[in-house]
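Undergrad: Starting off with a structure, shown below.
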Amino acid sequence: MERTPRENLIEKTKTVIIVVLSVCMVLLLCFFWLNISLKDIKSFSIDSLTSGEVDGGNMPEAKALFVPSRFAVTDGTGGDRLFDIGSVACWRTEAGTGMADLLEASLNTKPFFVEEITKEQYDKILDTLSVKAVFDYKLRFADLCTLVSGNAPAEVEQVGAIEELSFSTASEGSLFVKDDRGKYYRLLLPERGGYLSSYIETLSQSEKELYFPIDSYLGETAVNKTLVPIELYAELQDFKVNRDFDAKNRETIDGLAKRFFSESFDFVRKIEEESGRTVYMYGYGQRILIADVDGTLEYKKEASDDSASVSFLEAFKIARTFIKAQGGVATASGDELQPYIKSTEYNFDGNGGSRFVFGLKCGEYRLLNDSSDAIVIEVSKGQVTYFKRSFVSFDEKSAVGHPLEAMAAINVIAKNYKEIYNIMTENVLLKEDAAGEDAEFEIVTDAITEISYGYVYGDDNVARSAWIITCANGGLEVYFSLYEGEFLSYRVQ
C-alpha cells in the first residue's frame with residue numbers, strides 16, 4: 001500500500017531522530033573516552049610523587065634522621081668510649097635533659113648568646129670528662145637549630161656545618177660547637193646540665209671498649225687523632241642477604257614501576273634487555289626507570305626550567321615524600337629496614353639542589369654495600385631528578401653470634417698498609433709519591449680519618465663482619481675481615 005505524504009513525513013522524522021541519537025551517542029562515548037584519557041595524562045604529568053599526595057611506606061622524619069652519627073665519651077684520662085645514638089640517652093630524654101634539649105633551651109633563651117673560642121680552649125675543656133656528638137655528614141648548624149627548636153637565631157648563621165656538639169662536666173652551663181671551617185664556639189645554657197654530667201660519668205665507667213688516638217700507637221712524629229680501640233670482643237658474624245627483587249619476576253618489577261609512572265602505562269615504553277635489565281621510558285627520556293639485575297632501581301627525571309630552588313630542609317621533605325611513595329624504606333617483599341644519613345651535599349648542581357645519601361643498619365652497626373648506597377636521592381628546583389635504591393632483606397638474628405676477639409685494628413693496618421697504599425695510588429688519591437716502606441706506612445696512617453667496624457657485602461650476597469678503614473677525607477673505604485684482618489674489598493666514594 002502506498003504511504004500517504006503524512007506517513008512519509010513521520011517515517012523521515014523517525015529516521016532523522018535515530019541518526020541524531022546515534023551521533024549523540026557516539027559523541028558522548030568519544031567525550032567520555034577522551035575525558036578519561038585526559039585524566040590519565042593529567043595524572044601522569046603531575047609529579048604527585050613530590051607533591052605529598054601519595055603516602056606509601058614508612059620513612060623517618062628529619063628530626064629522627066638528622067641526629068649525631070655517634071657519641072664519644074671521654075673519661076678525662078685520654079680514652080674514649082663510642083656509643084650508637086640508639087643505645088644511650090644522650091640526645092633527647094623525656095625529661096628534656098639531653099644534648100638536643102639543652103640546645104633547644106639555649107636557642108629559646110632571650111638574649112641568645114654564642115661566642116667564638118680558640119681551638120686550644122675547646123681542646124682543653126674537652127680533655128675533661130665530656131661527651132661529643134659527632135656528625136659524619138654535612139649539616140649546617142642553622143639547619144640543626146631549626147630542626148631542634150623550630151628557629152635559628154641570626155647569630156648562628158656565622159657557624160658552618162656542624163662536626164661536633166659537645167658538653168663537658170667542667171663547664172656545665174655551656175655547649176660547645178666545632179664546625180667544618182675549623183671554628184669553635186660556646187653557647188650559653190639557661191640552666192646547668194646536671195643530668196648529662198651524671199649520665200656521662202656512668203657511661204665512662206661502662207664495659208664498652210676504650211679508644212685512643214692512632215698517633216699514640218705510632219710514636220712522637222705521628223699526628224693523627226683518629227680513634228682506634230685497644231682491643232675488641234665482638235659478636236658480629238657473617239650472614240646471608242637477599243637482593244630487593246628478582247629481575248626475572250616481571251610482575252614484581254611492573255608493580256614497582258607503577259609507583260613511578262602512576263597506574264597507567266599507556267604512555268610508557270618498556271624495554272627488556274638481554275642482560276635481564278628492564279628499562280621504562282616516558283616520552284623521549286624525560287623520565288627513565290631502570291630495574292637492574294642486581295636488585296637496584298634507578299630513576300631519572302628532567303627538571304622543569306620554570307621551577308624555583310628550595311631550602312635544604314624543604315628539599316628533604318620532598319625527598320621523604322618521594323621515598324614514601326616508592327614504598328618507604330622497605331624491601332619489595334615488605335621487610336622494614338633501618339636507615340641513617342650517610343652523607344649530604346648542599347647545592348650539588350649549582351642551582352641550590354640538595355643530595356641525600358642513606359645507608360642501612362643491622363642492629364647498631366652499619367651494613368655496607370661495597371659498590372652502592374642504600375638510597376641516593378637528588379632534589380633540584382624543588383623536584384626529585386634522581387633516585388637510586390639498593391635494598392636487601394636479611395635475618396637480623398643471624399648476624400649475631402658468640403663474642404670473639406677481633407684482630408687489633410692497629411695490627412690490621414700494619415698487616416695491610418701496602419694494600420691500602422696501592423689502592424690509593426691506583427685511584428689517584430695521593431697528592432704525592434713516596435718511596436720506601438716506611439714512607440708508605442706513614443702516608444697510609446696519616447690518611448686514615450676513621451676506623452670502625454660493621455658489615456659489608458658484595459656480589460656474593462654474604463654480609464661479612466669487617467673493619468671499615470676510611471681514608472682520604474672520606475674518599476675511600478677499605479674493608480678487612482674483623483677477626484683475621486684479611487682484605488675483603490674497597491669502595492671509592
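Undergrad: Could you pull out every residue, at least 5 positions away or on a different chain, whose amide H is within less than 5 Å of the one on Arg287? Hs are placed 1.01 Å off N in the peptide plane, and Pro or chain starts have none.
TA: Tyr282
Undergrad: While we're here: Within the accessible area of the chain, what % is carbon and sulfur when the probe is 1.4 Å and the other protein chains stay in place?
TA: Of all accessible area on the chain, carbon and sulfur atoms account for 51 percent.
Undergrad: Near Lys324, which lysines are there with a Cα under 18 Å away, not counting those fewer than 8 places off in the same chain?
TA: Qualifying lysines at Cα under 18 Å: Lys63, Lys258, Lys300, Lys301, Lys388.
Undergrad: Hey, rough spin-label estimate for Val293 and Glu220, points 7 angstrom out along Cα→Cβ, what's it come to in nanometres?
TA: It is 6.0 nm.
Undergrad: Could you tell me which label, among (1) 125, 59, 44; (2) 64, 56, 49; (3) 73, 59, 46, carries the value of Cα extents along the principal axes in Å calculated for this structure?
TA: Answer label, from the structure shown: (1).
Undergrad: Under 5 Å between amide hydrogens, which residues at least 5 positions from Asn369 or on another chain qualify, with H placed 1.01 Å from N in the peptide plane?
TA: Placed amide hydrogens put Tyr457 under 5 Å from Asn369.
Undergrad: Follow-up. Provide the per-residue ³J(HN,Hα) series for segment 180-195, in order, calculated from phi with Karplus coefficients 6.51, -1.76, 1.60 and θ = phi - 60°, each as a whole number of Hz, with x at glycine and proline positions.
TA: For segment 180-195, the Karplus curve yields 7, 9, x, 10, 10, 9, 10, 10, 7, 9, x, 9, 6, x, x, 4 Hz.
Undergrad: Around Ser206, under 11 Å between beta carbons, what's the net of Lys plus Arg minus Asp minus Glu among the other residues?
TA: Net charge in that neighbourhood comes out at -2.
Undergrad: To the nearest 10 degrees, how steeply does helix 5-45 sit against the main Cα axis of the chain, on a 0 to 90 scale?
TA: So the helix axis and the longest Cα principal axis differ by about 10 degrees.
Undergrad: By accessible area of protein heavy atoms, probe 1.4 Å, what ranking do Ser174, Ser216 get, highest first?
TA: Output order, biggest surface exposure first: Ser216, Ser174.
Undergrad: State in Å² the accessible area per residue of the chain; use a 1.4 Å probe, count heavy atoms of protein chains only, and round to the nearest integer.
TA: So the chain comes to 50 Å² accessible per residue, rounded to a whole number.
Undergrad: Could I ask something else about it? Could I have the simple spin-label model distance between Ala170 and Glu94, label points 7 Å from Cα toward Cβ, reported in nm to one decimal?
TA: 3.5 nm
Undergrad: Mind listing the long-range amide H neighbours of Ala406? Cut-off is under 5 Å, sequence gap 5 or more, other chains count too, H placed in the peptide plane at 1.01 Å from N.
TA: Placed amide hydrogens put Leu232, Tyr233, Ala234 under 5 Å from Ala406.
Undergrad: I would also like to ask the following. Run lengths n ≥ 4 of DSSP H only: what is the helix-derived mean residue ellipticity at 222 nm for the chain, with -39500 (n - 2.57) per run over all residues, to the nearest 500?
TA: Helix-only estimate at 222 nm: -9000 deg cm²/dmol.
Undergrad: Give a residue-ordered list of calculated ³J(HN,Hα) values for segment 338-351 (Karplus: 6.51 cos²θ - 1.76 cosθ + 1.60, θ = phi - 60°; whole Hz; x for Gly, Pro).
TA: 10, x, 8, 6, 8, 7, 9, 8, 8, 6, 5, 9, x, 10
Undergrad: In terms of the Cα gyration tensor, with a ≥ b ≥ c the square roots of its eigenvalues, is segment 256-334 rounded because a/c is under 1.5, prolate because a/b exceeds b/c, or oblate?
TA: oblate
Undergrad: Using a Cα-Cα cut-off of under 22 Å, which lysines could be cross-linked to Lys208, ignoring same-chain neighbours fewer than 8 residues away?
TA: The reachable lysines, counting only those whose Cα sits under 22 Å from Lys208, are Lys132, Lys225, Lys361, Lys397.
Undergrad: On to the next question. In nm, to one decimal, how far is the Gln493 label point from the Glu116 one, both placed 7 Å along Cα→Cβ?
TA: Output for this residue pair reads 2.7 nm.
Undergrad: Can you work out ³J(HN,Hα) from phi for every residue in segment 64-77, in order, using Karplus 6.51 cos²θ - 1.76 cosθ + 1.60 and θ = phi - 60°, giving whole Hz and x for Gly and Pro?
TA: Listing the rounded values in order: 7, 9, 7, 10, x, 6, 5, 10, 10, 9, 9, 8, x, 10 Hz.
Undergrad: Relative contact order of the chain, please, whole-number percent, based on alpha carbon pairs below 8 angstrom and at least 6 residues apart.
TA: Over the chain, the number comes to 14 percent.
Undergrad: DSSP loop chymotrypsin sites (Phe, Trp or Tyr not before Pro) in segment 130-224 with at most 16 other Cβ atoms within 10 Å of their Cβ, which ones?
TA: Sites meeting the loop and neighbour criteria: none at all.
Undergrad: Roughly speaking, what is the stretch gain from Glu272 to Ser304, that is 0.36 nm per residue apart minus the C-alpha to C-alpha distance, in nm to one decimal?
TA: 8.7 nm
Undergrad: What is the sum of charges, Lys and Arg at +1 and Asp and Glu at -1, for the other residues whose Cβ falls under 13 Å from the Cβ of Phe135?
TA: Every neighbour counted, the sum reads -1.
Undergrad: Rounding to the nearest 10 and keeping the result within 0 to 90°, find how far the Cα-based axis of helix 437-447 lies from the longest principal axis of the chain.
TA: 60 degrees
The values are calculated or read from the model by the stated rules, or taken from the named source; none is laboratory data. Bear in mind the structure is a predicted one, so any value in this text is a computation, not a measurement. In this analysis, Cβ positions are derived from the backbone assuming ideal geometry, glycine residues included, and neighbour counts consider all displayed protein chains. SASA here: full protein model, heavy atoms, side chains in, ligands and nucleic acids out. Shrake-Rupley method; radii C 1.70, N 1.55, O 1.52, S 1.80 Å.
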